[in-house]
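The values are calculated or read from the model by the stated rules, or taken from the named source; none is laboratory data. All of these numbers come straight from a predicted model, not from anything done at the bench. Counting neighbours? That spans all protein chains shown, and the Cβs are built from the backbone with ideal geometry, glycine included.
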Amino acid sequence: MRKALLAVGCLLFVVGLVVAADTVTLVKYDKDAKEVTVKDDKDKEHTYKLTDKTKVVRPGKDGTKREGKLEEFEKMLADEKNAGKMKFDIEVKDGKITEVTTKRGGGKKDKDKTDKN
């Protein structure tokens, strides 16, 4: 019985490591090399590659997750206005981003907030 519990515990631990995603902030994007430089929560910079196999996940309005397009994500990365501001979650394997989950945002700006200033 102990062996079974230990095996289940180890399995859950390993699955937790694989599923764990890091929230990062965009520093810069090299469109030609498809390299994304990001800062982690400890302000340490890392550079990762995007591949054609990179999966993009976008949150819907109701909280559900839907698949996004890599091309759209690359457009957001290439916009210099997003450097230092854009946050997203990534999963990395062997220096390549396997999955990216964008944060909810964008859309229409709240006029009440801009009118008060």
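Scanning segment 31-64 for residues that are under 18 Å from ASN82 (Cβ atoms) and among the hydroxyl-bearing types (Ser, Thr, Tyr) yields THR37, THR47, TYR48, THR54.
Residues checked against (1) surrounded by 10 or more Cβ atoms within 10 Å (Cβ to Cβ); (2) modelled with pLDDT under 95; (3) of a type in the set (Val, Ile, Thr); (4) assigned to a loop (DSSP other than H, G, I, E, B):
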position	(1), (2), (3), (4)
LEU5	no, yes, no, no
GLY16	no, yes, no, no
THR25	yes, yes, yes, no
ASP41	no, yes, no, yes
ASP62	no, yes, no, yes
LYS81	no, yes, no, no
GLY106	no, yes, no, yes
